[in-house]
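Trainee: This structure is in structure tokens; I'll ask about it shortly.
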Amino acid sequence: VFQQLDWGAKSILWIFLAVVFLLLRDLMNMLRLRHLTHKKLGLKQLFQSIVLWEFGTSVMPSFIGGSAMALIVVHKEGVELGRTTAVVMLSSLLDELYFILLIPIAFALLSFTNIFGFTLNEMPFSSGWIFWGGYIYLAFLALFITTSVFIFPHLFGKVVRYIFRLKLIRRWKGRANRMSRDLITSSRELKGQPIAYWLKAFLFTFLAWTARFFIINCLVMAFMPGVDHAQLYVRQLLMWVVMLVSPTPGASGIAEWIFSDYLGVFLIAGLAPVLALIWRLLTFYYYLVAGSLVLPVWVRRVFK
């Protein structure tokens, strides 16, 4: 299939644009982190934090994500533990709201048949309850984060303190208590932020995820010009809902399968595995390599 493809200047240009959107996504995530931490981190700290955050996402199951790595990285950059917890939880909340809000809009603008290529009664297993189960999971996770950070932070802190009374992790009880106090303080500050603060945070999130989706649009355009970009974008929304609840690290295996299942209709026979490989090189293996290079540099700097 590689030999049959036209690797002319037009194809190279679209692949270059895919790389540009990859870098744009990282930039938007850096700006969001800077915004949520109230500009406490410098350029080097932001870059290394985002690369390691994505590295954690690549090596952990997708339904867990890189939150554990993010908690360690952002806190070690000098942000209070409670505020770090709030920042990581808010980042997850913003990511989930992107899908929770845009998927109903997509269904309102495009018919079910136009999105999936078949009617609701004809929906197969791979596009059926797995997708809807993932959407419900994201909705419940968003509700849990909203409740923990904005409505009942005291209750969440009390649960954390109770957990750290267990014998195996009791040695970190003091840090857990401090994190609970910091989280309550951060919650009080966040609830006092103006609407412009949240709109700006969501704008960064919207641009980051949209840039990530446009990577596939560029790759498809490199070899299959004339595709319906709106339909391709919407199918990626549905595809990522399934990938976000994957039990494998970085959705490995699931991503390649779901790519062909959801996007194969736009491609000629045999092209889906090739584009899936290029896509994963840009959005998965890139962060594995970059994270492996950045991690020892970051460790030497923050533990010096």
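The values are calculated or read from the model by the stated rules, or taken from the named source; none is laboratory data. Predicted model only: the values in this text are computed from it and were never measured. With ideal geometry, Cβ positions are generated from the backbone for all residues, glycine too; neighbour counts draw on all protein chains shown. Remember, those area values only see protein heavy atoms, side chains included, never the ligands or the DNA or RNA. Shrake-Rupley method; radii C 1.70, N 1.55, O 1.52, S 1.80 Å.
Trainee: In segment 67-82, what residues are touching a Leu at 6+ places or on another chain (Cβ under 7 Å) and not hydrophobic (A, V, I, L, M, F, W, C)?
Mentor: Once the filter is applied, which keeps residues that are touching a Leu at 6+ places or on another chain (Cβ under 7 Å) and not hydrophobic (A, V, I, L, M, F, W, C), segment 67-82 yields HIS75, GLU77, GLY82.
Trainee: Looking only at residues in segment 56-82 that are assigned to a helix (DSSP H, G or I) and open to solvent by less than 30 Å² (accessible area, probe 1.4 Å), which one is farthest from VAL289 (Cα to Cα)?
Mentor: Per the stated criteria, the residue is GLY82.
Trainee: Out of everything in segment 42-53 that is part of a helix (DSSP H, G or I) and open to solvent by 20 Å² or more (accessible area, probe 1.4 Å), what residue ends up being farthest from ALA201 (Cα to Cα)?
Mentor: LYS44
Trainee: Consider segment 223-236. How many of its residues are among the aliphatic types (A, V, I, L, M) and crowded, with 21+ Cβ neighbours inside 10 Å?
Mentor: 1
Trainee: Could you count how many residues in segment 86-115 are modelled with pLDDT under 85 and either of a type in the set (A, V, I, L, M) or closer than 30 Å to LEU71 by Cα (or both)?
Mentor: Residues flagged as modelled with pLDDT under 85 and either of a type in the set (A, V, I, L, M) or closer than 30 Å to LEU71 by Cα (or both) within segment 86-115 amount to 5.
Trainee: Might you check whether a residue that is over 14 Å from the mean Cα position of the chain (by Cα), under 18 Å from LEU277 (Cα atoms) and of a type in the set (Ser, Thr, Tyr) occurs anywhere in segment 232-241?
Mentor: No, every residue in segment 232-241 fails to be over 14 Å from the mean Cα position of the chain (by Cα), under 18 Å from LEU277 (Cα atoms) and of a type in the set (Ser, Thr, Tyr).
Trainee: Answer with yes or no whether LYS39 is basic (Lys, Arg), part of a loop (DSSP other than H, G, I, E, B) and either open to solvent by less than 50 Å² (accessible area, probe 1.4 Å) or modelled with pLDDT under 95 (or both).
Mentor: Considered against the rule, which asks whether it is basic (Lys, Arg), part of a loop (DSSP other than H, G, I, E, B) and either open to solvent by less than 50 Å² (accessible area, probe 1.4 Å) or modelled with pLDDT under 95 (or both), LYS39 comes out as yes.
Trainee: Restricting to segment 43-85, give me the number of residues that are modelled with pLDDT under 90, over 17 Å from MET243 (Cα atoms) and small (Gly, Ala, Ser).
Mentor: Of the residues in that region, 4 qualify.
Trainee: Can you tell me which residue among LEU203, LEU295 is assigned to a helix (DSSP H, G or I), surrounded by fewer than 19 Cβ atoms within 10 Å (Cβ to Cβ) and either without any contact (Cβ under 8 Å) to a residue 12 or more places away in the chain or at positive phi (or both)?
Mentor: Checking each option against the conditions leaves just LEU203.
Trainee: Do we find a residue being touching a residue at least 60 places away in the same chain (Cβ under 8 Å) and either closer than 15 Å to LEU183 by Cβ or within 13 Å of the chain's Cα centre (by Cα) (or both) anywhere in segment 69-77?
Mentor: Taking every residue of segment 69-77 in turn, none turns out to be touching a residue at least 60 places away in the same chain (Cβ under 8 Å) and either closer than 15 Å to LEU183 by Cβ or within 13 Å of the chain's Cα centre (by Cα) (or both).
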